[in-house]
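Laboratory data are not the source of any read-out in this text; all were calculated from the coordinates shown. Being a predicted model, the structure only gives us computed values, none of them experimental. As a convention, Cβ positions derive from the backbone with ideal geometry for all residues, glycine included, and neighbour counts pool all protein chains shown.
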Amino acid sequence: MGRFPKSIIEFDRVSFRYQSVPVLENITLAVREGEFLGLVGPNGGGKSTLLKLIMGLISPDSGSVRVYGTTPKKARSRLGYVPQFARFPSDFPITVEETVLMGRLKQRRIWQRYSAEDKKIAHKSLEETGVAEFADRPIDQLSGGQLQRVLIARALASEPELLLLDEPTASVDSHQEKGVFDLFKELNKRMSIIVISHDIGFITDYVDRVACLNKEILCHETHAITPDIIDQMYGGHVHAIHHHSHAI
Amino acid sequence: MMEFFTALAEQSFLQSAMIAGVLASIACGLIGSYVVVMRISYLAGGIAHSVMGGMGIAYFLGGSPLVGALIAAVVSALIIGLVKLYWQAREDTLIGALWASGMALGIIFISQTPGYQVDLMSYLFGNILLVAEGDLWLMAGMDLIIVGAIALLYRPFQAVAFDPEFARMRGLPVNLLYLLLLCIVALTVVLLIQVVGLILVIALLTLPAAIAGHYVRTLSSLMALATLLGLCFTSAGLAISYGPDLPAGATIILLAAGCFIISSVLSARKKPMKSPDTRT
């Protein structure tokens, strides 16, 4: 795999408990530069927790997490994050442009002004995600799919080297889902991507590698997902659907 | 009504009351907007009622009730904020406890204060007609702090109110900003208590911003419109209450609440036609 010369994320025997419930156990995982990694697994399997560890929003109970060779907190400015669909109040009075400009907020600074440069970058991101025409609209007048693209634009406005997405297509229909993943494929030409998805069949067409997560990492190669592993991961109530896998 | 304007020209206590109304409107417009969009009016209510404890203790010790109120408000804001951020305990239970115990503490201290019994009613329901010149200066000072903080921190506060997790990702000191915002809410509550008292303060804090939210869709225009509405309610309330000698604070609140109900009905009727297909 000469295409991925260096590891940007290294999990070394990482465990995390939420209160006393183990969420992640003994995770060892390396993500390489330029990679497009899919994270799948059942609800409560620890996918979002894994992203939060990468972002340094929580710390592991044991083991170590290194991001770009340093601590997650120090590497934060190199990451872009798209949260699971709309956790914030949907009637918050804010325009699309203001939302995307939040991607330009600077590290550890209290006094924040947006420069002309910041605005240019925000608009470029909106164009890239195809929602530039809504720049002046309040976000509560957008559809679920449009808002999702605005949140992706906000992450892109940070000019990240690694993009983290938590179920980016949970609120869009399957037609739009393809469009969103085509966009990720395009973005992957210039940045690494980790995407959480519930749709294991769909994402294998796009990602370089899939990590299946249910407290532990069960596998991490696209071609290695067998019905046995799906059984192990979801407990045997899932039918495997075969589909063509395109050459990456 | 003419009677009111004639009196306004002649009576300095009415002029002071009008100025107090203006000063209160600025704070309620700016900070009420955050309280409404962050949905923390219950939290602000808890701060307002716990203020009674500080007033009672200050009164017992012979100090200024306003200073006592200020200390109590900031202390409760910090307690609620720290518990929410670091212990993740049941926030609403804690607010309820602070709410009631602050009131209880205040009443006990006031009852134990020697000499004549203080007019409890004016703490509870406001005394805008009795605002002294010194109080006006203090209110102006608080406004200055509030306006200054918003001018400096508008973007970070907006980010923290909207999506704290993303703000943390961008490296903003989210916890510090959140606590600071709660302290400013506490400051605003104390300022507004001068006008409508601690029982009614939550209405003056939230109703103008809630009405403004029916018409504008950015935070800055929400603040501007809420300030303007606050100004209308306080001055109109004062004018209406003057002739029949009604309590000014209660008149202001009823006026605001009446407008809120009318505005809610109007905007609820208009909404389904405007956007039939938002949100899939």
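Key figures for this structure:
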item: Rough spin-label spacing in nm, given labels placed 7 Å along Cα→Cβ, for A:ASP61 and B:CYS232; result: 5.7 nm
item: For segment B:2-266, size of Cβ-based charge dipole, Lys and Arg +1, Asp and Glu -1, in debye; result: 860 debye
item: Using a Förster distance of 22 Å, the FRET efficiency for A:SER143-A:GLU186 (Cβ separation, nearest 0.05); result: 0.50
item: Entries of A:LYS124/B:LYS84; A:LYS47/A:LYS178; A:LYS74/A:LYS189; A:LYS189/B:LYS84; A:LYS124/A:LYS215 with Cα pairs more than 31 Å apart; result: A:LYS124/B:LYS84; A:LYS189/B:LYS84; A:LYS124/A:LYS215
item: Unit charges on C-beta of K, R, D, E only; dipole of the protein assembly as shown, Debye; result: 940 debye
item: ³J(HN,Hα), Karplus 6.51/-1.76/1.60, whole Hz, each residue of segment A:139-147, x for Gly, Pro; result: 5, 6, 9, 9, 7, x, x, 5, 4
item: Residue-span extension gain [B:MET2 to B:GLU133] - 0.36 nm each, minus C-alpha spacing; result: 44.6 nm
item: The protein assembly as shown - convex hull of the alpha-carbon atoms, volume per residue in Å³; result: 172 Å³
item: Cα lying deepest toward the dipole's positive end in chain B, options B:LEU228, B:GLN158, B:GLY106, charges on Cβ; result: B:GLN158
item: Sites B:ALA9 and B:ALA97 - FRET efficiency at Förster radius 60 Å, r taken between beta-carbons, to 0.05; result: 0.80
item: Separation of the A:ALA30 and B:LEU266 label points, Cα + 7 Å toward Cβ, nm; result: 6.6 nm
item: 3J(HN,Hα) from dihedral phi, segment B:222-239, Karplus parametrisation 6.51/-1.76/1.60, rounded to Hz, x for glycine, proline; result: 4, 4, 5, 5, 5, 4, 4, 5, x, 4, 4, 5, 5, 6, 5, x, 4, 5
item: Dipole of segment B:2-266, positive direction: furthest Cα of B:GLY68, B:ILE262, B:LEU30, with charges on the beta-carbon; result: B:LEU30
item: Cβ-based charge dipole, segment B:152-280, positive-most Cα from B:GLY243, B:LEU187, B:LEU172; result: B:LEU172
item: Karplus-derived HN-Hα couplings along segment B:260-268 (A = 6.51, B = -1.76, C = 1.60, θ = phi - 60°), whole Hz, x at Gly and Pro; result: 4, 5, 4, 5, 4, 5, 4, 6, 5
